[in-house]
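Reviewing the structure listed below.
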Amino acid sequence: MGDLLIFTDKGIYCAAGDFYIDPWRPVPRALITHGHADHARPGHGSYLATAAAAPVMRHRLGDISLETIGYSKTRQIGDVTVSFHPAGHVPGSAQIRIEHKGEIWVVSGDYKIEPDGFSEPFEPVTCHAFITECTFGLPVFKWQPQADVIGQINDWWRQNAAAGRTSVLGAYALGKAQRILSAVDASIGPILTHGAVENTNDVLRAQGLKLPETVYAGPDLKIKDYPGALVICPPSGFGGGWTRRFGAHSTAFASGWMALRGVRRRRAADRGFVMSDHADWDGLNTAITETGAERIFVTHGYTSVFRRWLAEQGYDARIVETEYEGEALDQTETEAAE
Ligand SMILES: [Zn+2]
Ligand SMILES: [Zn+2]
């Protein structure tokens, strides 16, 4: 019997069900792990995603043929049974489980282990073969608890507010921005948003997710009306003079890459908060151990180092070429800017 999933130039393909998972070229039938642009691409004949991922996908991809499924519900497609399980990455994100004649494969998409209080928490899924990213697959990547990082962000915001400065924080428009919004101390001051963040907020609020009040920081915004504000924008928002409207301000990025001093320096932000929507080294290893899988396919990130590490641990580990992008420092995982 051949492999249940194969890696083609269009994406991850399941012949027994005749569908692709997160394909990067147009295909007739696509199962989608989550709404980030490198996973949910335009041009497919039909889409299947979780009900919680659907609103963002419709917002981004327009009038697509999209069916939804609840977490843990099973569905027969061709000869296989598929189900979607929380990946803890962004709201609606899923690991996709495929079962065929007792053999189980899981495509994890992007995931993180620590519950963020906003996305559906990650659930380990037992399987024989596990397809995983390894964006942060080096031991140097070790995240602090979210509460600690949010405490650092609150302190930075409070100090800026006291000094009469606006706090401008770069974070992905889908996921990280809302995770931060839902966790920061909104009593410190008003919260302003870039258009790409506000559009996503609107979509998520409409599906019932709770976020504090935010104000769209359009070109006509008068910053004196919002003293001590926190501004959330995509990482790309720092360029092109967009921040000029905020007068005296301090800048910061929230990204897993901020763990690297060299990257922090090159970004030319005043502060770097180490916070990622991807698993750190321990998270990757925990997730892999919990699947009980013997075969591991690594898709993107520090693939060669991580594959070697897994092989040393006794796994049948392979690298597969994909077009997923991990945690980009710039716009890649966000929507188009305003
Ligand atoms: Zn993602
Ligand atoms: Zn990704």
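Excluding same-chain neighbours fewer than eight residues apart, the aspartates and glutamates reachable from LYS112 by a Cα-Cα span under 13 Å are GLU120, GLU123, GLU133, ASP277, ASP280, ASP282, GLU327. Inter-part distance, the stretch 232-267 to the stretch 154-176, computed on C-alpha centroids, equals 10 Å.
Can you run the Rg to Rh ratio on the stretch 57-161? Use alpha carbon positions and the Kirkwood inverse-distance Rh. Please list the in-between numbers first.
Working: Rg = 17.7 Å, Rh = 16.3 Å.
Rounded to two decimals, Rg/Rh equals 1.09.
Look at the Cα gyration tensor of the stretch 107-153: its axes a ≥ b ≥ c give a/c of at least 1.5 with a/b at or below b/c, and that counts as oblate. The relative contact order of the chain, computed from alpha carbon pairs under 8 Å that lie at least 6 residues apart in sequence, is 18 percent. Every helix of 4 or more DSSP H residues in the chain counts as -39500 (n - 2.57), and over all residues that averages to -6500 deg cm²/dmol at 222 nm.
The value of relative contact order for the stretch 1-153, using C-alpha pairs under 8 Å at least six residues apart, is 15 percent.
Applying the Karplus relation 6.51 cos²θ - 1.76 cosθ + 1.60 with θ = phi - 60° to the stretch 231-238 yields 3J(HN,Hα) values of 10, 10, 9, x, x, 5, x, 6 Hz, where x marks Gly and Pro. Sequence-distant contacts, meaning Cα pairs under 8 Å at least 6 residues apart, place the relative contact order of the stretch 1-51 at 25 percent. Listed by chain and number, the lysines whose C-alpha is less than 28 Å from the C-alpha of LYS101, apart from same-chain residues fewer than 8 away, are LYS10, LYS73.
When the dipole is taken about the Cα centre of the chain, and only Lys, Arg (+1) and Asp, Glu (-1) are charged at their Cβ, what size is it in debye, to the nearest 20? List each step's numbers first, then the result.
Numbers: 32 positive and 40 negative charges, 188 e Å.
Here the chain has a charge dipole of around 900 debye.
Considering only ASP225, ASP116, ASP185, the mean-square fluctuation computed in a Gaussian network model of the chain, springs between alpha carbons under 10 angstrom, is largest for ASP225.
Of SER46, SER167, SER108, which is the most mobile in a GNM of the chain whose springs link Cα atoms less than 10 angstrom apart? Result for the chain, Cα springs under 10 Å: SER46 fluctuates most. For the stretch 159-286, build the charge dipole from Cβ charges (+1 Lys, Arg; -1 Asp, Glu) around the Cα centre, then report which of GLY228, ASN201, VAL263 sits farthest towards its positive end. Projecting each Cα onto the dipole axis, the largest value belongs to VAL263.
For the stretch 1-88, the convex hull drawn through the C-alpha positions has a volume of 94 cubic angstrom per residue.
FYI, it's all coordinate maths here, none of it is from the lab. Everything numeric in this text was worked out from a predicted model, so none of it was measured. So basically every Cβ, Gly included, is an ideal-geometry build from the backbone, and we count neighbours across all protein chains shown.
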